[in-house]
1. Counting just the residues of region 1-13 that are touching a residue at least 24 places away in the same chain (Cβ under 8 Å) and over 28 Å from the mean Cα position of the chain (by Cα), which one comes out farthest from VAL205 (Cα to Cα)?
2. Do you know which residues across region 2-46 are among the aromatic types (Phe, Trp, Tyr) and within 11 Å of the ligand (Cβ to nearest atom)?
3. Just a yes or no: is a residue in region 107-120 more than 8 Å from the ligand (Cβ to nearest atom) and on the phi > 0 side of the Ramachandran plot?
4. What do you reckon, is LEU286 out of contact with any His (no Cβ under 7 Å at 6 or more places or on another chain), surrounded by fewer than 16 Cβ atoms within 10 Å (Cβ to Cβ) and assigned to a helix (DSSP H, G or I)?
5. Among the residues of region 100-148, write down those that are among the aromatic types (Phe, Trp, Tyr) and crowded, with 17+ Cβ neighbours inside 10 Å.
6. Scan (1) under 23 Å from the mean Cα position of the chain (by Cα); (2) away from the ligand (no atom under 15 Å from the Cβ) for the single condition GLU221 breaks and write down its number.
7. Within region 327-344, is even one residue without any contact (Cβ under 8 Å) to a residue 60 or more places away in the chain, of a type in the set (A, V, I, L, M, F, W, C), in a helix (DSSP H, G or I) and within 15 Å of the ligand (Cβ to nearest atom)?
8. Go through ARG173, ARG219, ARG198, ARG211 for me and flag whichever is under 22 Å from GLU45 (Cβ atoms) and of a type outside the set (Phe, Trp, Tyr).
Amino acid sequence: MRPTFFHHLHPPTIPAAQSRWRYTLGAGGLAVFLVLVLGVTGILEMFYYIPTPDQAGLSVQTITYLVPFGGLIRNLHFWAAQLLLIVIAVHLVRVVFTGAYAPPRRFNYLLGLALFVFAILLDFTGYVLRWDQGIQWALVVGTNLIKTIPLIGNSFYIILTGATQPNIATLIRFYTWHIFGLTLGAVILMVWHIFRIRRDGGIAVPPPGLRTDNKRITRYELVRREVLAMLFSGAALILLSLFSPAPLAEPITQTTEVFGEARAPWFFLWIQQMLKWGDPFFWGVLVPLLLLVVLALIPYIFPKPDDRELGRWFPKSNRLAQVVLAVITLVVIILTILGSLPAS
Ligand code: HEM
């Protein structure tokens, strides 16, 4: 039979250990699925969304309450975006806690990390597009952090937001970043990340000579599992979207005074919490960037995980990396919880 496009996605057979849920948690695959949902629902929203300051908030109301199935589409887009950040974080934790970033996968680890940053920026810009009164922190305080960067801050702010302070140009700029600049970058990175998995020999397991489990599964079995996982997660996402609407407050219009007092989106609550401690450049820009650098260096500065220990959780050979990631994750979770508590 002549190979079709689908035959190129997976090799004819793979080691069974590479496709065990309890090893991968299916998190990478679920992230791909959520990105696909975001693409489809995002395109559908574009038919009705109007990116002008006096119409944007109202057009989101139109999508939510008037367009047939508009509310469901918007909820699916919102929940897929929030879940994507959680699923990527889980995927990152699994990659580090199984030592799967070891060479030859170090570069793919960096591609994955870049994807994580793109996903956060996409969530942030999408959040601002809602153009309701809940987005004021993001619009004012969040973007002002850029201005605190010495020397380049002000010019960088103008490039990213289109003006010296939030105005008509800002919404267009965020819209273009969201639907084009960031999306294009994320799609390229995702295709590259997936291509590299195959290039690096599939999911990390011990090399053939060191394997204790030599079972293999066919690509048909792999696709069967992938389709099943997509059906289950698709059904769960639809249920969530049917019963839990995406937040929406009063639209921002020309008469709205923008104060920047509202709360940060949940994924930036930990930064909002740190901003209470003092210098905005240090806590709001430098510390998050330092964390990113530490994450990026994990495959390069810690001892290389032992080949024999690949394919299982918590290998002894990469304990240090596990501890570092566990501490970072814990601190971010605690700060997020503190940031979500009502101000006293
Ligand atoms: C939108 C974001 C991402 C998508 C769609 C994605 C997708 C995937 C998929 C489908 C796999 C194979 C299945 C699996 O391991 O679960 C995978 C593996 C991998 N990913 Fe990601 N990923 C993303 C983010 C990340 C991040 C944030 C990192 C780490 C910083 C990362 C590093 C890796 C590595 C090293 C592998 C190979 C794992 C192994 O060989 O065991 N990825 N990714």
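Nothing in this text is a laboratory measurement; each read-out follows from the coordinates by a stated rule. Here the structure is a predicted model, which means the values were calculated and not measured. Every residue, glycine among them, receives a Cβ derived from its backbone with ideal geometry; neighbour counts consider all protein chains shown.
1. Going through the qualifying residues, I end up with HIS7.
2. TRP21, TYR23, PHE33
3. no
4. Against the criterion (out of contact with any His (no Cβ under 7 Å at 6 or more places or on another chain), surrounded by fewer than 16 Cβ atoms within 10 Å (Cβ to Cβ) and assigned to a helix (DSSP H, G or I)), LEU286 qualifies.
5. Selection gives TYR101, TYR109, PHE116, PHE118, PHE124, TYR127, TRP131, TRP137.
6. Only one criterion in (1) under 23 Å from the mean Cα position of the chain (by Cα); (2) away from the ligand (no atom under 15 Å from the Cβ) is unmet by GLU221, namely (1).
7. Yes, region 327-344 contains a residue that is without any contact (Cβ under 8 Å) to a residue 60 or more places away in the chain, of a type in the set (A, V, I, L, M, F, W, C), in a helix (DSSP H, G or I) and within 15 Å of the ligand (Cβ to nearest atom).
8. ARG173
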